[in-house]
1. Could you list 223, 120, 318 so that the one with the fewest beta carbons within 10 Å of its beta carbon is first and the one with the most is last?
2. Determine the relative contact order of the chain: mean sequence separation of Cα pairs under 8 Å and six or more apart, normalised by residue count, in whole percent.
3. Calculate how many DSSP beta bridges within region 150-285 are antiparallel, expressed in % of all such bridges and rounded to the nearest 5.
4. For each of 263, 57, count neighbouring Cβ atoms within 10 Å of the residue's Cβ, then give the residues from fewest to most.
5. Please arrange 201, 370 by counting, for each residue, the other beta carbons lying within 10 Å of its beta carbon, fewest first.
6. Go through 343-349, 141-147, 383-389 and give me the packing order, highest mean Cβ count within 10 Å leading.
7. Evaluate E = 1/(1 + (r/R0)^6) for residue 23 and residue 197, where r is the Cβ-Cβ distance and R0 equals 45 Å; express this FRET efficiency to the nearest 0.05.
8. Could you tell me how far the Cα centroid of region 304-322 sits from the Cα centroid of region 284-300, in Å?
């Protein structure tokens, strides 16, 4: 099989890139190792930056998002028994975030791809990317019990942190930098109306907690736990009791409880691979970088990557101008490192350090106090959280 762009991975990065290319008249084939059912049901992030929403609307994937997404103009930092609202819209000139799960973004993009009739192969496992330095790189993959080859002008690895694409970069051509955190998140979905109108980020001596939502009747909640946590040690009653403790605030606020329908433990890491291009193999999304979820940047970085990459491929394939592709890695990495810094700072400010001493705890409290008392500090937090415009990334 032959195509212009071979895309490995049918997550939000791969599917959105395929959609953007299709609207420019560029052919692509998307290969996904998992089934459609698995792809459409895996739980992931749910906060969309202002710019992410604009990209999805522009490519025709915004109808259900606009109907069902929850627009939030602020977030709450909660510590010391008090809540402090950060007014995102007021501090950023009107930029907002939308609560709309990555699961739903993927479903919307899959539906558009299937409706268009363009190639989207599920249960098609990429085995290798070959000849990345030639004008005809190839993806070797297995589908319907047979090994096959897909030849393309360019190959895009959007197959996640554990995918094959990054591992096919020749030795010595890519550098990786990472940090592993001494804690994880225990995340639950509960069939209960949210107890808050906007997200609550809570710092507590027992550990971080987050109250988010997946809609008007479903709450998404998280607890900081040790990385080796066994879910069997966390029955429903213990989860709700710990959330009550960490989210407690002076006054009449009460956490609503309901049936927990899903739970998982997510390790925390920061990771960046550089460069994002090797010959005609390009990396995007989690294949290229991971951020701790505290700053809600993962999905949004993936969208920023492929929006940039789509424009670069358009210029190279339709206008014969490779300049934007040559600068893709440097341009994308400027936003990636800004998001890494913000996510690390949010993580340090809100989580209990298991190895921390009284000095580090007092520093953490000082950062929190400054974030809610200084207009400059609150503006910096709001700008990064709601998403910086592309021309504002240094």
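1. Working: 223 27, 120 23, 318 12.
Ranked by crowding around the Cβ, least crowded first: 318, 120, 223.
2. Worked out over the chain, it gives 20 percent.
3. Around 90 percent antiparallel, to the nearest 5.
4. Ranked by crowding around the Cβ, least crowded first: 57, 263.
5. Values: 201 25, 370 13.
Lowest to highest Cβ neighbour count: 370, 201.
6. Final packing ranking: 383-389, 343-349, 141-147.
7. Details: r = 35 Å, r/R0 = 0.79.
According to the calculation, E is roughly 0.80.
8. 22 Å
Each value in this text was obtained by applying a stated rule to the coordinates, not by laboratory testing. Computed from a predicted model, the values in this text were never measured in an experiment. No Cβ is skipped: glycine too gets one built from the backbone with ideal geometry, and neighbour counts run over all protein chains shown.
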